[in-house]
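The next block holds one structure in the form of structure tokens; read it before the comments.
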Amino acid sequence: MSYSAFAPPLAPLHMIDLIRKKRDGGTLNAREIGFLVAGAANESIPHDQLAAWLMAAWIRGLSLDEARTLTLAMRDSGDKFSPARLGKTAVDKHSTGGVGDKTSFLIAPLAAACGVAVPMISGRALGHTGGTLDKLEAIPGYRTALSLQEFEAVLMKCGASIISQTKSLVPADRVLYALRDRTGTVESPGLICASILSKKLAAGLDALVLDVKTGSGAFLRKREDSEYLAALMVATAEAAGTRTVALLTDMGQPLGRAAGNWIELIESVQLLRGQRPSESEDLRELSLILAGWMIHLGGQAATPEAGYARAEKALADGSALRAFFAMVEAQGGDVSVFDNPNFHKPGATKVVAAWESGFISSMDTTALGWAVQRTGAGREKAGEPVDPHAGIDFHARRGARIEKGQSIATLYATSPALLAEPEEILHQAIVFSPAPPQVVPLVSRIFTRETAEAHLRDVVR
Ligand code: URA
């Protein structure tokens, strides 16, 4: 007879006890976390109790063990995707969100063109940040809601596919994320780690590259919080068996020229076509760096630098552009619109001129993200439609010397009435100064498993 036959039965769990425990600074064990996640996924725990627990977790924080256990329990809360039949190493990238962050449209085809499979499950606009799915849906016909079978078929054919989270993939996150969005509990490293990684790990990835934003447009404003999040996610994903690196990258200004939906695709395709407008150089560079890491972790280059060189070649020889168009067509999108200059038809356009002379010394990028949202490119409430043609083209980068009257941005919306508030926000958010600002590096730190674990040992939380 086994020992368990004599073990006393486990006492039933009650959500109220888990709320009290977290509220009082306690640490939940694996059984308690499993109970909470199962109750979130099957909606047997009322939303008010989940919301109370989330607020307690936001205030008290999660221990490393709690964050790891929560991540794995959420990963296992629904269906999973297996890339095994693709016959290639599956690598994805995840960004913690930004303004004008459109690297996915470059790195997915770049990595695919270099022999890596990129099963990318993306999100919609959130708060002041844009959403990859909203942008892709600006392409007539593009379907983001594929079944996992269709996802696999596109990956087999094109090497890359970008879709939305399905209903059955990580259902616990769908419930918890919506509650966090409504209860001011998004900005918590442990909860962010579990939310992001549960979805990435459920996609069965072999490797993952994390782009963790820092600066005025990042969700976590303090640099040490971004570092902690980066290290936590790397250590958690590695412990779950997925090779992972995190790059801390600058979000102190919009990435590239465009922030919106269709206009971000146009900028991306320009780069995929080998053009190099000066306002898009940071976007091109960051995309090549991230793709370089993906190609390296995907086993197609000995180092990230060699991966960068391969990615640059795929940009130059047009293979990345072909991979992007193949993916768009395989998901029902009409690629002819990329050659139709009349496709972009915002109802109203306004050029914003500099209101003084000087160097652009700083940008409140979160405010700029809200300006983009107010043009109609983002949504006020979940479920609202977005305007595919709304957004802002930024013509001046941080550090640029500008003369009063010079055009610094172009706003697009469906009607002139929607342009006044974004223009006002730009006036508040962009600061001029007589001297140039300090140069901020695009990538300021890289965490691998070793450096992430060392960082977590150093930081007591
Ligand atoms: N993106 C996610 O998927 N989850 C978070 O918690 C934050 C950003």
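Let's test this: bin the Cα-Cα distances of the stretch 1-130 at 10 Å from zero up to the farthest pair and state each bin's percent. In whole percents, the pair-distance histogram is 10, 26, 28, 22, 10, 3, 0. Sorted into 5 angstrom bins from 0, the C-alpha pair distances of the stretch 79-147 split as 3, 14, 23, 23, 21, 12, 3, 0 percent. Solvent exposure of residue 21, expressed as accessible area, is near 70 Å², computed with a probe of 1.4 Å over the protein chains only. Relative to the Cα centre, the charge distribution of the chain, modelled as +1 at Lys and Arg Cβ and -1 at Asp and Glu Cβ, gives a dipole magnitude of about 480 debye.
Just to be sure I understand the curve: with the Debye formula and one point per C-alpha of the stretch 123-271, what is log10 I(q)/I(0) at q = 0.12, 0.19, 0.21 Å⁻¹? For the stretch 123-271, the Cα-only Debye profile gives -0.58, -1.53, -1.65. Ordering 402, 429, 448 by the projection of their Cα atoms onto the charge dipole of the chain, which places +1 on the Cβ of Lys and Arg and -1 on the Cβ of Asp and Glu, puts 448 at the extreme positive end. Placing +1 on each Lys and Arg Cβ and -1 on each Asp and Glu Cβ, with no other charges, gives the stretch 348-433 a dipole about its Cα centre of roughly 220 debye. In a simple Cβ point-charge model (Lys, Arg +1; Asp, Glu -1; nothing else charged), the stretch 10-61 has a dipole of about 200 debye relative to its Cα centre.
Think of the chain as a dipole: +1 on every Lys or Arg Cβ, -1 on every Asp or Glu Cβ, centred on the Cα centre; then among 246, 378, 108, 246 lies furthest on the positive end. Residues whose amide H lies under 5 Å from that of residue 89, counting only those 5 or more places away or on a different chain, are 117; hydrogens are built 1.01 Å from N in the peptide plane.
Express the Stokes-Einstein translational diffusion coefficient of the stretch 348-433 in µm² s⁻¹, to the nearest whole number, given a Kirkwood radius over alpha-carbon pairs, 4 °C and a viscosity of 1.567 mPa s.
Details: Rh = 13.1 Å.
Roughly 99 µm²/s, to the nearest whole number.
Look at the dipole of the stretch 10-61 built from charges on Cβ: of 28, 53, 40, the Cα furthest out on the positive end belongs to 28. Working note: Cα gyration tensor of the stretch 58-191, eigenvalues times five, square-rooted, sorted largest first, giving semi-axes of 27, 18, 14 Å.
For q values of 0.24, 0.26 Å⁻¹, compute log₁₀ I(q)/I(0) with the Debye formula on a Cα-only model of the stretch 315-370, without solvent. Debye curve over Cα of the stretch 315-370, log10 I(q)/I(0) at q = 0.24, 0.26 Å⁻¹: -0.98, -1.06.
What Kirkwood hydrodynamic radius do you get for the stretch 167-239 when you take the inverse of the mean 1/r over all pairs of distinct Cα atoms, in Å? Kirkwood radius, the stretch 167-239: 13.1 Å.
If a spin label sat at a point 7 angstrom from the Cα of residue 47 along the line to its beta carbon, the backbone N atoms of the stretch 178-202 nearer than 19 Å would be those of 178-187.
Note on the stretch 220-279: semi-axes of the ellipsoid equivalent to its C-alpha gyration tensor, largest first and rounded to whole Å, are 31, 16, 10.
Over the stretch 385-452, the pair-distance histogram of Cα-Cα distances with 10 Å bins from zero comes to 14, 35, 25, 19, 7, 0 percent, rounded to whole numbers. Counted by Cβ distance under 15 Å from residue 402, the other residues give a net charge of +1, where Lys and Arg count +1 and Asp and Glu count -1. Dividing the mean sequence gap of close Cα pairs (under 8 Å, 6+ apart) by how many residues the chain holds gives a relative contact order of 19 percent.
Phi angles across the stretch 92-109 convert, under the Karplus curve 6.51 cos²θ - 1.76 cosθ + 1.60 with θ = phi - 60°, into 3J(HN,Hα) values of 10, 10, 10, 10, 6, x, x, 10, x, 7, 10, 4, 4, 5, 9, 6, 4, x Hz, Gly and Pro given as x. Only DSSP H runs of four or more residues enter the estimate; each adds -39500 (n - 2.57), and after division by the residues of the chain the mean residue ellipticity at 222 nm equals -13000 deg cm²/dmol.
What is the gain in length, in nm to one decimal, between residue 302 and residue 167 on full extension, counting 0.36 nm per residue of separation less the C-alpha to C-alpha distance? If you can, show how the numbers build up before the last one.
Values: separation 135, 0.36 × 135 = 48.60 nm, distance 3.78 nm.
Net length gain for the segment: 44.8 nm.
Amide H contacts of residue 334 (H built 1.01 Å from N, in plane; Pro and chain starts excluded): 142 sit under 5 Å, all sequence-distant by 5 or more or on other chains.
Relative to the present Cα-Cα distance, how much length would full extension add between residue 382 and residue 281 at 0.36 nm per residue of separation? List each step's numbers first, then the result.
Details: separation 101, 0.36 × 101 = 36.36 nm, distance 3.29 nm.
Between residue 382 and residue 281, full extension yields an extra 33.1 nm.
For the chain, the fraction of C-alpha pairs more than 31 angstrom apart is 42%.
So, with a 1.4 angstrom probe, what is the percent of accessible area on the chain that is carbon and sulfur? Don't skip to the answer; put the middle values down first.
On the way: 9950 of 18430 Å².
Carbon with sulfur: 54 percent of the solvent-accessible area.
Across the stretch 348-433, the relative contact order, built from alpha-carbon pairs under 8 Å that are at least six residues apart, equals 49 percent. Annotation: extensible slack from residue 316 through residue 82 equals 81.0 nm (criterion: 0.36 nm per residue apart, minus Cα-Cα distance).
Between residue 14 and residue 457, the modelled label-to-label distance comes to 4.3 nm, taking each label 7 Å out from Cα in the direction of the beta carbon. Relative contact order of the stretch 10-61: 48 percent, from C-alpha pairs under 8 Å at least 6 residues apart in sequence.
R0 = 56 Å: FRET efficiency of residue 355 with residue 143, Cβ-based, nearest 0.05?
Details: r = 43 Å, r/R0 = 0.77.
After rounding, the FRET efficiency stands at 0.80.
Evaluating 6.51 cos²θ - 1.76 cosθ + 1.60 at θ = phi - 60° for every residue in the stretch 204-221, the Karplus couplings come out as x, 5, 7, 8, 9, 10, 9, 9, 9, 7, 10, x, 5, x, 7, 5, 9, 6 Hz, glycine and proline recorded as x.
Roughly what % antiparallel, to the nearest 5, for the DSSP beta bridges in the chain? Before the final figure, lay out each step's value.
Details: 24 of 44 bridges.
The antiparallel fraction comes to roughly 55 percent.
For the stretch 10-61, taking Cα atoms only, Rg and Dmax work out to 10.2, 29 Å respectively. Proximity of backbone amide H atoms, modeled 1.01 Å from N, is registered between residue 94 and 209, 210, 211 at under 5 Å, excluding neighbours fewer than 5 places apart on the same chain. In order along the stretch 320-335, the phi-based Karplus estimate (6.51 cos²θ - 1.76 cosθ + 1.60, θ = phi - 60°) of 3J(HN,Hα) comes to 5, 4, 5, 5, 5, 5, 4, 5, 4, 5, 5, 9, x, x, 9, 6 Hz; Gly and Pro are listed as x.
The values are calculated or read from the model by the stated rules, or taken from the named source; none is laboratory data. Please read these numbers as outputs of a predicted model, since none were measured by experiment. Note: ideal-geometry Cβ built from the backbone for every residue, glycine included; neighbour counts use all protein chains shown. Just the protein is used for accessible areas: all its heavy atoms, side chains included, with ligands, DNA and RNA removed. Shrake-Rupley method; radii C 1.70, N 1.55, O 1.52, S 1.80 Å.
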